[in-house]
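Peer 1: I am attaching a structure below and will ask some questions about it afterwards.
Any read-out appearing in this document is the output of simple, stated calculations on the displayed coordinates, not a laboratory observation. Predicted, not measured: the structure shown is a model, and the values here were computed from it. For neighbour counting, all protein chains shown are included, and Cβ atoms are generated from backbone atoms with ideal geometry for every residue, glycine included.
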Amino acid sequence: MSTEVGSAVDRGTTADALRFELNTGNALGTGSVKWHYQKAVDQFNRLSEWLDDVRKGNIVAGDADITVAKTEAGDLWDTLNTSDRTGNVVADIKAKDASGNRHFRNTLKKATGRAAVSYLTAAEFDYDARGEPTQKGPAKFTARGFIAVDLLGFGVNVRNGGVGDAVFDLFDVTGIGRQYLGMPQCPPSGCVA
């Protein structure tokens with residue numbers, strides 16, 4: 001893997017660029033500081049939507065296309081669960097959250113709520129008589145992931161919501177779990193996640 005900013009990174013995919021950024025703390029690109037986490041979650045969302053359309057029969061796709069989509073979705077999911085070694089990517093997400101821009105977290109929630117990618121996200125679904133899925137619980141993030149464990153926000157959550165809420169939020173930074181458990185959401189000015 002190349003370690004020079006601006007040079008080709010592995011295959012040159014968005015997942016490769018984000019992996020580089022998570023490992024080095026340096027944004028890839030020229031001219032401006034732009035991280036690849038939003039592009040990665042947007043691509044994961046589009047792939048999960050396409051795979052769900054295939055699952056529903058709305059799109060007819062060949063096995064090779066489905067395999068490529070699943071492989072790329074898996075690569076993006078693994079990357080989104082990669083540890084942020086410097087904290088720079090997480091800091092940018094938190095800054096956007098603080099400004100009211102929750103596009104990353106909202107897109108992640110939407111993407112992980114589709115049954116077609118439950119083999120990656122480990123989200124559980126119930127199926128009705130017609131075979132339509134209803135999500136039972138949130139996606140499960142690995143403990144090493146920058147979207148899974150938000151230690152930097154722990155102190156803020158202890159102060160704002162108490163130790164119990166802070167511990168819960170360590171493993172539910174997207175807030176999906178609170179929604180399904182009927183727990184109150186923190187206001188944008190209070191909690192990080």
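Peer 1: Would you count, across region 14-149, every pair of lysines whose alpha carbons are under 18 angstrom apart, provided the pair is eight or more residues apart or spans two chains?
Peer 2: Lysine pairs meeting both conditions in region 14-149 amount to 17.
Peer 1: Tell me, what is the FRET efficiency for Glu49 and Ala129 to the nearest 0.05, using R0 = 22 angstrom and their Cβ-Cβ distance as r?
Peer 2: Calculated value: 0.35.
Peer 1: Could I ask something else about it? For region 48-77, which trypsin sites (Lys or Arg not before Pro) are in a loop by DSSP, counting at most 15 other Cβ atoms within 10 Å?
Peer 2: Taking region 48-77 and a limit of 15 other Cβ atoms within 10 Å, no loop trypsin sites (Lys or Arg not before Pro) are found.
Peer 1: Next question, about the same structure. What number, in percent, do you get for the relative contact order of region 14-149 if the mean sequence gap of Cα pairs under 8 Å and at least 6 apart is divided by its residue count?
Peer 2: Details: 177 pairs, mean separation 37.8, N = 136.
Contact order relative to length: 28 percent.
Peer 1: Under the 0.36 nm per residue contour assumption, what length would be gained going from the current alpha-carbon distance of Asn106 and Arg11 to full extension?
Peer 2: Taking Asn106 through Arg11 to full extension adds about 31.4 nm, to one decimal.
Peer 1: Which order results if Trp35, Trp50 are arranged by neighbouring Cβ count within 10 Å, fewest first? Don't skip to the end; give the middle numbers.
Peer 2: Numbers: Trp35 22, Trp50 19.
So the ranking, lowest neighbour count to highest, is Trp50, Trp35.
Peer 1: Compute the distance from the alpha-carbon center of region 33-68 to that of region 75-126, in whole Å.
Peer 2: Spelled out, the Cα-based centre of one part sits 15 Å from the other.
Peer 1: A further question on this structure: Quick one: net charge around Thr14, please, counting Lys, Arg +1 and Asp, Glu -1 for every other residue with C-beta under 13 Å from its C-beta. Walk me through the numbers before you get to the answer.
Peer 2: Numbers: positive: Arg11, Arg19, Lys34, Lys39, Arg46; negative: Asp10, Asp16, Glu21, Asp42, Glu72, Asp75, Asp78.
Here the count lands on -2.
Peer 1: Ratio of Rg to Rh for region 14-149, alpha carbon only, Kirkwood?
Peer 2: Working: Rg = 15.7 Å, Rh = 15.7 Å.
We get a ratio of 1.00 for region 14-149.
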